[in-house]
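Down below is the structure, laid out as structure tokens.
Every number in this text was worked out from the coordinates using simple rules, so none of it is lab data. No experiment lies behind these values; they were computed from the predicted model shown. Cβ placement follows ideal geometry from the backbone for every residue including glycine, while neighbour counts extend to all protein chains displayed.
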Amino acid sequence: MTRREQIIVVTMVLAAVYGGYQVLAPKARGPKPGNPSSNTKNLTPFAAEVIGKMRKLDSTPTDAYVIARGNSAWPDNPFFQGIIQQPEEEKKEENGPSMEAIRERLNFSGFLQIGDKTLVIINGLEYETGEVLMEYGYFVKSIAPRQVIIAKTDGSDAISLTLDDMDE
């Protein structure tokens with residue numbers, strides 16, 4: 001056997017011995033998963049104490065500002081870095097792309113409802129009702145769990161996308 005083969009065989013034997021030890025060795029005795037132990041009984045009063053202290057803390061003006069700004073709408077997309085190029089076939093059309101061409105490019109892949117906020121995922125980006133899809137000049141008119149309606153910003157055309165259409 002070559003030196004390389006010897007190293008591979010020794011490594012394989014060591015792995016087999018370790019695996020056998022793990023399978024056959026007696027298990028450590030301790031609390032079983034899912035059974036509350038005395039440690040978790042002591043944890044509950046501690047958690048209640050920490051929550052009580054946190055409620056008593058006064059928030060600074062900086063904290064209030066961060067909380068207020070975190071939930072407000074952003075004027076610009078901080079991740080957008082340029083102009084979106086239109087494909088050549090869209091540039092050739094005088095009135096812009098047809099509704100069917102836009103429908104084919106839109107991928108309605110999900111629906112989220114978090115509290116009172118409802119979001120739809122189109123082409124990997126999340127949108128709320130009223131937000132404009134930058135590439136196409138359409139906005140999200142209404143959102144339902146399995147359907148979203150996209151309309152032109154002037155209100156003339158509307159496209160209905162359903163999750164069932166995307167499964168095909």
So how compact is segment 95-167: Cα radius of gyration and Dmax in angstrom?
11.5, 40
Assertion target for Asp116, Asp157, ordered by fewest C-beta neighbours within 10 angstrom first, is Asp116, Asp157
Which ordering of Val66, Val120 is given by a fewest-first count of other beta-carbon atoms within 10 Å?
Val66, Val120
